[in-house]
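Undergrad: Structure provided below as structure tokens; questions to follow.
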Amino acid sequence: MAHTNESMVSEFVPLGLSNSWELQLFFFAIFSRVYVASVLGNTMIIVVVSSDAHLNSPMYFLLSNLSFIDICQSNFATPKMLVDFFVEHKTISFEGCMAQIFLLHSFVGSEMMLLVAMACDRFIAICKPLHYSIIMNQRLCIIFVFISWAVGILHSVSHLAFTVDLPFCGPNEVDSFFCDLPLVIELACMNTYEMEIMTLTNSGLISLSCFLALIISYTVILITVRHRSSSGSSKALSTLTAHITVVILFFGPCIYFYIWPFRRLSLDKFLSVFYTVCTPLLNPVIYSLRNEDVKSAMRKLRNRHMSFWKN
């Protein structure tokens, strides 16, 4: 991953969240806990789903893959941000900056598509229950996961192919704690208007199309559930509420960043924190608190380990 000879910038300087030492210590105390909770919580979901036979279903297979993506997203920039709180002169190499852009858009694009796959799973389970086991087989689940990663990587490569060859000759300060694509593009020594429009179009299309697909799917599902009055429908509604909550909290900042014009506000930096640091925690928190099957499996796993250590 090399940049052109016109580029004089070999590293970028992320300005971070604040210049105040007290605030940086406060942010470190908060975000380090969120980071650890995100990684442990998503790892817990993967372990619980893989160890409990009752969770051997397409929904939980997709959920465990969502947790894996969230673990990846937790690690692309957050550990460096935590270290940088104690570093006076924060820098990241050109290659490291491009890697952050690639990883972020790969994980985000993959998660968008996986959320659509989870909505398809719930649509078939609730609207076509008699055909669910036939349609949602293991092969289709694997295809969903493969397509999710393929779309995410292609989406990221489409951005990086243009960004990596931009001429960067200074300044090199990125007003964030990681290499955010719009902010990096603005540093190029050329007119980047067309590049900005292309970035907005690319990210905007995938964000809006996935979001609209999810809204339509869950609207149809909710209408179907509303016409039923059984305990199964109540359980389905609880599961749907968790899914919809994740979708809204995940897509809200994403659509804001890539549909809104490139003019940045001070609020954007803190929305970036929510999007990259806090969003991966949504999965274990929301699904663990609202899903009785997951909570039951966690209790079984805990009791099994307690019995093991007692013996």
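Undergrad: About its Cα centre, how strong a charge dipole does the chain have in debye, to the nearest 20, once Lys and Arg get +1 and Asp and Glu get -1 at the Cβ?
TA: Taking the Cα centre of the chain as origin, the dipole is about 1960 debye.
Undergrad: Which ³J(HN,Hα) values in Hz, rounded to whole numbers, follow from the phi angles of the range 95-111 under the Karplus curve 6.51 cos²θ - 1.76 cosθ + 1.60, where θ = phi - 60° and Gly and Pro get x?
TA: Result, ordered by residue: 5, x, 5, 5, 5, 4, 4, 4, 5, 4, 6, 5, 5, 5, x, 5, 5 Hz.
Undergrad: By its C-alpha gyration tensor, with a ≥ b ≥ c as the square roots of the eigenvalues, how is the range 54-96 shaped: rounded for a/c under 1.5, else prolate for a/b larger than b/c, else oblate?
TA: It is prolate, given that a/c is not under 1.5 and a/b is the larger ratio.
Undergrad: Ignoring everything except DSSP H segments at least 4 long, calculate the 222 nm mean residue ellipticity for the chain; use -39,500 (n - 2.57) per segment, divide by total residues, nearest 500.
TA: Using -39500 (n - 2.57) per qualifying helix, the result is -25000 deg cm²/dmol.
Undergrad: Treat each spin label as a single point 7 Å out from the Cα along the C-beta direction, and report the Leu15 to Ala53 distance in nm.
TA: Rounded to a tenth, the inter-label distance reads 5.9 nm.
Undergrad: Would you mind checking which residues have amide H under 5 Å from Glu173's amide H? H placed 1.01 Å from N; only 5 or more apart, or other chain.
TA: Counting only residues 5 or more places away or on other chains, the set is Val13.
Undergrad: I'd like the orientation of helix 21-51 relative to the chain: the angle between its Cα long axis and the longest Cα principal axis, in ° from 0 to 90, rounded to 10.
TA: On a 0 to 90 degree scale, this one is about 40.
Undergrad: Choose one answer from Phe211, Phe86, Phe31: the residue with the largest mean-square fluctuation in a GNM of the chain with alpha-carbon springs under 10 Å.
TA: Taking springs between Cα atoms under 10 Å, the residue moving most is Phe86.
Undergrad: Something else: Tilt of helix 231-259 relative to the longest C-alpha principal axis of the chain, in degrees (0 to 90, nearest 10)?
TA: 10
Undergrad: For the range 171-212, compute the orientation-averaged projected area of the C-alpha convex hull (one quarter of its surface), in nm².
TA: 3.5
Undergrad: Taking the simple approach of a point 7 Å from Cα along Cα-to-Cβ for both Phe274 and Met44, what is their distance in nm?
TA: Here the modelled spin labels are 2.4 nm apart.
Undergrad: Could you run the Karplus curve 6.51 cos²θ - 1.76 cosθ + 1.60 with θ = phi - 60° over the range 163-179 and give me ³J(HN,Hα) per residue in whole Hz, x for Gly and Pro?
TA: 6, 5, 9, 5, x, 10, 10, x, x, 10, 8, 9, 7, 6, 9, 8, 7
Undergrad: May I pose another question? Placing +1 on the Cβ of each Lys and Arg and -1 on the Cβ of each Asp and Glu in the chain, which of Phe211, Ser158, Asn172 has its Cα farthest towards the positive end of the resulting dipole?
TA: Going by the Cα projections, it comes out as Phe211.
Undergrad: What full-extension length gain, to one decimal in nm, is calculated for Cys127 and Ala161 as 0.36 nm per residue of separation minus the Cα-Cα distance?
TA: Extending this stretch completely gives an extra 8.1 nm.
Undergrad: State the cysteines of the chain left without a partner when partners are defined as other cysteines whose beta carbon lies under 4.7 Å away.
TA: Cys72, Cys120, Cys127, Cys141, Cys210, Cys254, Cys278
Undergrad: When the chain is modelled as a GNM with alpha-carbon springs shorter than 10 Å, which of Thr199, Thr276, Thr224 fluctuates the most?
TA: Maximum fluctuation in the GNM of the chain, among the listed residues, is at Thr224.
Undergrad: Describe numerically, in nm with one decimal, the distance between label points set 7 Å from Cα along Cα→Cβ at Thr219 and at Ser93.
TA: If labels sit at Thr219 and Ser93, their model points lie 4.9 nm apart.
Undergrad: Residue by residue through the range 83-93, which ³J(HN,Hα) values in whole Hz follow from phi under the Karplus form 6.51 cos²θ - 1.76 cosθ + 1.60 (θ = phi - 60°), with glycine and proline marked x?
TA: Taking θ as phi minus 60°, the curve returns 5, 5, 4, 10, 10, 6, 9, 7, 9, 9, 5 Hz for the range 83-93.
Undergrad: How many percent of the alpha carbon pairs in the chain exceed a separation of 29 Å?
TA: Value for the chain: 42 percent of Cα pairs lie more than 29 Å apart.
Undergrad: If one takes the longest principal axis of the Cα atoms in the chain, at what angle in degrees, from 0 to 90 and to the nearest 10, does the Cα axis of helix 193-226 lie?
TA: Once rounded, the angle reads 10 degrees.
Undergrad: Would you mind telling me which residue in Ser272, Ser18, Ser158 has the biggest mean-square fluctuation in a Gaussian network model of the chain, where springs connect alpha carbons within a distance under 10 angstrom?
TA: Looking only at Ser272, Ser18, Ser158, the largest GNM fluctuation is found for Ser18.
Undergrad: Using the heavy atoms of the protein chains and a 1.4 angstrom probe, tell me the accessible area per residue for the range 50-100 in square angstrom.
TA: 40
Undergrad: May I pose another question? Out of all Cα-Cα pairs in the range 26-83, roughly what percent, to the nearest whole number, are more than 13 Å apart?
TA: 61
Undergrad: Using the Kirkwood radius over Cα pairs, work out the Stokes-Einstein diffusion coefficient for the range 88-178 at 25 °C and 0.890 mPa s, in µm²/s as a whole number.
TA: 156
The values are calculated or read from the model by the stated rules, or taken from the named source; none is laboratory data. Values in this document were obtained by computation on a predicted structure and should not be read as measured data. Heads up, the Cβs are rebuilt from the backbone with ideal geometry, glycines too, and the neighbour counts pull from every protein chain shown. All accessible areas refer to the heavy atoms of the entire protein, side chains included, with ligands and DNA or RNA removed. Shrake-Rupley method; radii C 1.70, N 1.55, O 1.52, S 1.80 Å.
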